[in-house]
Each structure stands twice: as C-alpha cells, then as structure tokens.
1. Considering only Thr178, Thr281, Thr97, give the residue with the highest GNM mean-square fluctuation for the chain, with springs between Cα atoms whenever their separation is below 10 Å.
2. How much length is gained on full extension from Thr281 to Lys252, taking 0.36 nm per residue of separation minus their Cα-Cα distance?
3. Considering the chain as a Gaussian network with a 10 Å cut-off on Cα pairs, which listed residue, Arg210, Arg47, Arg354, attains the greatest mean-square fluctuation?
4. Please compute the contact order of the stretch 162-406 in relative form: average sequence separation of alpha-carbon pairs under 8 Å and at least six residues apart, divided by the residue count, as a percent.
5. At 10 °C and a viscosity of 1.306 mPa s, what translational diffusion coefficient does Stokes-Einstein give for the stretch 1-105, taking Rh as the Kirkwood radius over Cα pairs? Give it in µm²/s as a whole number.
6. Using only alpha carbons, build the gyration tensor for the stretch 162-406 and give me the equivalent ellipsoid semi-axes, biggest first, whole Å.
7. Alpha carbons only, please: Rg and Dmax for the chain, in angstrom.
8. Using modelled amide H (1.01 Å from N, peptide plane; none on Pro or chain starts), what sits under 5 Å from the amide H of Asp127, excluding residues fewer than 5 places away?
Amino acid sequence: MFGAISNKELEIIDNYFKQFIKFISYEKSEFDYIESTGNKKLDDILRNWNEEIKVFDKRNKDDMRVLGEIVLTADKVEKGIYNCKIKSESSNPTISTLKNTLNKMLSSINDSNSRILRVINSYTNNDFTDSIKVVDKYKDEMKLLMENVNKLGKALEINAKTNFQNGQTLQHDSSLMTSSMNNLASKANEQAASLEQTAAALEEITSITRNNAENASKMATLGQIVKKSVFSGEQLASKTAISMDEINEKVKAINEAITVIDQIAFQTNILSLNAAVEAATAGEAGKGFAVVAQEVRNLASRSAEAAKEIKNLVEEANQKANDGKTVSSDMIEGYKELNKNISETIHIIEDVSRSSKEQMTGIEQINDAVNMLDRVTQENASESNQVKSIAQNVSQLANELLADAKTKKFN
C-alpha cells in the first residue's frame, strides 16, 4: 500500500494515529495536521486522512455545541426555565434525535406550564371561569396535575359562589338585624328614660305618701287630744248644768225667803198703820209713837220695795240660770255629737293612716321593683347598644365579604 517507507515515516504514521486516538478520545482538543512528509504516496494518504479528520472534527464540534447547549438548557430546566430551545445543529443522527426529542419535551413542558400558569393566574385574579384543557398526549403526573388544578378551580369556583350567596344572605340578615337592633336600642333607651322618670315620680310619690302617713298619724294623735278636750268640755258642761240646777235651787230658796220678807214687810206695814191709828186715837200722848209707827211703815215700804227688786233680780237670775242650763244641755248634746263625730273621724284617720302605711309599703316595694327594673333596663340598653355595635360590625363584614365575592368570576 505504501510501498517502501522508512522507519521515520512509520514513526510519523504511528504518532499520527496516536494523536488521532487522543483527539477522538477528547484528550486533545486540536489536531495537528501533517500536510507534507516528502513521500508523495504518504502525503496523499495523510491528505485523505486530514479531510476525514476535519469532517469528523466538524461533526464532533457540532455535536459538542449541541451537547453544550443541552447542558445549558438542562441547567435552565433545573432552575425552572422551560421556555427555551436547543438551536444548534448536528449531522450526527443520534445527537440530532436527542436534540429534537429534548426540544419536543421542552415544548410540551412549556405548553403544559403555560396552560397551568394561565389558569393559576386567573385563579390568583379571582377568575375561576378558566380551566385547563387536558389533551391525551399528557400522561401520568402531568395529566393528574392538570386535572387536580381543574378540580382546585372548580372547588374555588364553588367556594366563591357559596361565599357570594352567603354574603348576600348575611348582608340581608345583618341589615335586618341592624335595623332590629337599632329599633331595640332606641326602644330600650326610651324605656330606660321612661323608667328613670317613673322611678323619679315614684320616689316623689313615696315621699308624699310617707308624709301623708306621718300627717295621718299626727292627725290621729291630735284627734285623740281633741277627743280628750271634748270629753273634758262635756264634763265641764255637765258640771255647769249641775251648778245651774244648784243655782236654781238657791234662787228658789231666795224667792221663798223674799216672799217671807215681803209678807213680813206687808204685816209690818199693816201693824204700822194700826199703830198710827192707835197713836192718832191716843192724841197728844201718841205723837211719839206715831212718829215711830211712820218710820216703821217707811222701813216696811222700803223693805217691800227692796224685796220686790231682789225678787225681780232673782227671777232674772233664775231665767239666766235656766238659759245657762239650756245652753249647758245643748253644749252637752253638742259635745256628745262632737265626740261621736271626732271618734268616727279618728277611726277614719286611723284607717287612712293604716292604709297610708300599707300604701307606703306597697309603693316602696313598687319603687324597689321599678328601681331594679330601671337598673336592668339600663343594663339592657347598654347591652342593646353593644349588640347594635356588633350588628353594625357584622353588617360591615357582610358588605366586605359580598364586595370581595363580587370581585370573583364564576359560572
């Protein structure tokens, strides 16, 4: 084949072969081509070898570029970057097939990721109407992932729709509750104010009733005192009547004595007349006796006149005594009637006093009950205001929940 070659040329061929082995073994990155050895046949062979080696070198570098890009792409994939592609070309069928397969895989992964990301972004933006169209080319975990994302979207859609419906219901109910609590709080406050006024009025009534009871008790005491005074007056009137009777008796006795005196004066007057007649008959001797008889007659006349005046005075005194007795009798009857009326009045006052005490006890109990009711009403009013505040907070939460639910899209 080579014809006659020297040992040097054999060494060149051997070294060339060894360099080629190192080159294809990637122990040597650049190949040192031999263009001329001085042996034309050997140079022709080496030239052919050089051409083949250059073709191999080019193909090998193309493969290395593809493999290097594969490595870089794998690094991107490791970092979660799927939107990439191996662009280098190789004439090596194996490398080319590997490149195409990887590009197809990357395209499929990028497509599935894009689908998933599109739907996830929709879910993130509260749009649950989108879903992933699962095609038959996806298998196993990728298909399961897509189906689960669709299930998640469906669950989120149902949850959003439920939240929207619950928000509407809660908003309606909270609105009713707020309105009811406003009315209840208003009524409770009005009731508390009314009860406070009622308690004040009852307190005043209690004070008035207590004063009435005390006054009734005082009136009963005064009634007893007046009754005693009337009884004393009745006794005094009775004593006065008795005294008037005694005066009448004495007047009668005086009248009898005056009658006697009047009779004596009359007899004395007759005797003096007789004595004057006798003195006149006696003449001169009877003059002194006539003077005495005249004086006796004068005394008798004066006694008769005095007796008459005394009798008139006694009769007048007797009339006055009878009038006084009549007045005393009338006073006794009046005192009896007054005593009867006062006794009845005292009984009425005692009944009023007893009723006032019972009324005061009842009003105090009512007052205590109203005060307790006022305290409970005040507490209820405070609780109503707190519940009103809670209802307003619930209403606000319902509005916020409904507003949030309205931002979500669902079928």
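The numbers here are math on the coordinates, done by the rules we state, and not lab data. All values reported here derive from a predicted model rather than from experimental measurement. Cβ placement follows ideal geometry from the backbone for every residue including glycine, while neighbour counts extend to all protein chains displayed.
1. Of Thr178, Thr281, Thr97, the most mobile in the Gaussian network model is Thr281.
2. Working: separation 29, 0.36 × 29 = 10.44 nm, distance 4.28 nm.
Here the segment from Thr281 to Lys252 would lengthen by 6.2 nm.
3. Arg47
4. Values: 198 pairs, mean separation 122.3, N = 245.
Averaging sequence separation for qualifying contacts and normalising by length gives 50 percent for the stretch 162-406.
5. Numbers: Rh = 16.2 Å.
Roughly 98 µm²/s, to the nearest whole number.
6. Details: eigenvalues 2432, 36, 18 Å².
Working through the eigenvalues yields semi-axes of 110, 13, 9 Å.
7. Cα only, the chain: 76.4, 260 Å (Rg, Dmax).
8. Placed amide hydrogens put Lys409 under 5 Å from Asp127.
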